[in-house]
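A short write-up of the structure that comes next.
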Amino acid sequence: MRERVAFAAEAVPEAVGDLRAETCAQEAVLLSTCNRTELYARLPHSDADRLAEWLARHRSVELHHLRPHLYLYAGSEAVRHLMRVAAGLNSMVLGEPQILGQVKQAYQHAARAGGMGPVLDRLFQHAFSVAKQVRTDTDIGHNPISVAFAAVTLAKQIFDDFPKRTALLVGAGETVELVARHLAQQGIGHILVANRNLERARRLADCYDGEGMGLTDLPKRLHDADIVVASTGSPLPILGKGSVERAVRARRHRPIFMLDLAVPRDIEPEAGELDDVYLYSVDDLQQVVAENMRSRRDAATQAEAIVERQVEAFLQWRRARDAGTAIRAFRERAESYSRASRAQALRRLQRGDSPEEVMEWLTHTLTRRLIHAPTVGLRGAAASGDAQRIQHALDTLSIENQVIERSGEDDDSEQTRTDGGAPRRDWRTTG
């Protein structure tokens, strides 16, 4: 099912445009990796089914087949989910760093497609910051939790001059391919690949400017290797104690690090008894991986606490933004009422109405128009039993009354003051 709903990277920008057009999403991001396809959207409605319908239609999957595999998060849960994804807390391999780059790529695709707006842009930037903080403040990414990576990490602890070292990989399966990739990323000097299938050995070696050879050449080249990693499907050991001993003599007893990742073993265990040979089995590495996994779980607990704090920080920003939008709308409406009422008042004065009557009409009309919406809101709060909103309104009115009373005191003092001193501040015009 993941394969059926996955999106190729080059198809994502167009898909984001379609998603916005067909679901009326104000903002949208599409994240598609080997383990997830996720739609992040800001919708003008609460009908999230439109997203599921769009995904099913766009990927030619029957909705009733897709629905059991879907999850839906809204509001704070959606915020929390994205932050956990970016930090690697929602990955199959806990704390893996690749997902952050994939989330950033999804952000860039959405930006190019016009899917980014003020809310999702702020949310994704916040998620990137959280992922960085998790990496910096916890050890979640410090300890390898794959056998291949643990093998290379162990080798690097023995040889700190990797660019001067040669690694010999015996086999060409998935594990050996991962070891080769990690060795190259860590800057190994040279890679040799030995395999029963010569063409396959050369194909893997060519990826890293190395040398491929058949298993028959292995005894002649073993002494060239500082690091040996073996992982084949052979039922019998490929390297015996005797061949390893000859290689050590040819190396003039320079140490050789050997990792046997095969089951059954590719290297005779007795080879580890030789001086200057450091032989580890897959069981040894599994213990390292298990310990590192426990360490990552401990770090994940710290990371979850960071995520919770940052979820609240983002929600505070969102509430402040929403309040600012509401305040601006309220001010614009009040100014519109003010302009309309002033124009009507001027027309009344021009036709000869008394100033007192016009002032009375103006104050009454403005008051009625300005308190209409808050009154409707308070009545709705009372009908729904929202005591908190009503109490907040009463508290606000109490503060306003104090300001009005203080302002009135200043007005009285202005009128009666005859000492020629500087007038007091007018609270009505400077508040």
(message) Going residue by residue through region 70-88, is there one that turns out to be among the hydrophobic types (A, V, I, L, M, F, W, C) and over 25 Å from F128 (Cβ atoms)?
(response) yes
(request) Would you tally the residues in region 250-278 being under 19 Å from L215 (Cβ atoms) and surrounded by 14 or more Cβ atoms within 10 Å (Cβ to Cβ)? (result) 11
(request) Return the residue satisfying two criteria in turn: it lies in region 235-249 and is more than 47 Å from the chain's Cα centre (by Cα) and closer than 15 Å to L259 by Cα, and of such residues it is surrounded by the fewest Cβ atoms within 10 Å (Cβ to Cβ). (result) G240
(request) Name the residue, out of V16, V12, that is closer than 27 Å to R122 by Cβ, outside any loop (DSSP other than H, G, I, E, B), touching a Ser or Thr at 6+ places or on another chain (Cβ under 8 Å) and among the β-branched types (V, I, T). (result) V12
(request) Inspect region 343-351 for any residue being free of Cβ contacts under 8 Å to residues at least 12 places away in the same chain, assigned by TED's automatic domain parsing to the domain that holds L394 and not in a helix (DSSP H, G or I) and give the result as yes or no. (result) yes
(request) Could you run through region 210-226 and say how many residues are without any contact (Cβ under 8 Å) to a residue 12 or more places away in the chain and farther than 26 Å from G242 by Cβ? (result) 0
(message) So for region 221-234 (the condition being within 46 Å of the chain's Cα centre (by Cα) and farther than 21 Å from L154 by Cα), does at least one residue qualify?
(response) yes
(message) Being part of a helix (DSSP H, G or I), touching a residue at least 40 places away in the same chain (Cβ under 8 Å), of a type in the set (A, V, I, L, M) and touching a helix residue (DSSP H, G or I) at 6+ places or on another chain (Cβ under 6 Å): is that true of V29 here?
(response) no
(request) Pairs only if they're at least six apart or on different chains, beta carbon under 6 angstrom, first in region 278-305 and within 24 Å of I158 (Cβ to Cβ), second among the small types (G, A, S) and outside any helix (DSSP H, G or I); list them, first residue then second. (result) R296/G95
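Go over the candidates L43, L51, L70, L100 one by one and state the one that is under 30 Å from F149 (Cα atoms), within 21 Å of the chain's Cα centre (by Cα) and surrounded by 12 or more Cβ atoms within 10 Å (Cβ to Cβ).
The unique qualifying residue is L100.
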(request) Tell me, please, whether a residue that is in contact with a Ser or Thr (Cβ under 8 Å, 6 or more places away or on another chain) and surrounded by 21 or more Cβ atoms within 10 Å (Cβ to Cβ) can be found in region 127-134. (result) no
(request) Could you please let me know if A167 is in a helix (DSSP H, G or I), crowded, with 18+ Cβ neighbours inside 10 Å, outside the structural domain of V29 (by TED's automatic domain parsing) and of a type in the set (G, A, S)? (result) no
(request) Mind listing whichever residues of region 157-181 are at pLDDT below 85, closer than 19 Å to V277 by Cβ and touching a helix residue (DSSP H, G or I) at 6+ places or on another chain (Cβ under 6 Å)? (result) none
(message) Tell me yes or no: at least one residue of region 388-397 is surrounded by 10 or more Cβ atoms within 10 Å (Cβ to Cβ), out of contact with any helix residue (DSSP H, G or I) (no Cβ under 7 Å at 6 or more places or on another chain), modelled with pLDDT of 75 or more and not assigned by TED's automatic domain parsing to the domain that holds F128.
(response) yes
(request) Working carefully through the options F330, F314, find the one that is of a type in the set (A, V, I, L, M, F, W, C) and at pLDDT below 80. (result) F330
(request) Scan (1) in contact with a strand residue (DSSP E or B) (Cβ under 6 Å, 6 or more places away or on another chain); (2) surrounded by fewer than 19 Cβ atoms within 10 Å (Cβ to Cβ) for the single condition K220 breaks and write down its number. (result) (1)
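The values are calculated or read from the model by the stated rules, or taken from the named source; none is laboratory data. Quantities reported herein were computed from a predicted structural model and do not represent experimental measurements. Here the Cβ is made from the backbone with ideal geometry for all residues, glycine too, and neighbour counts use every protein chain on show.
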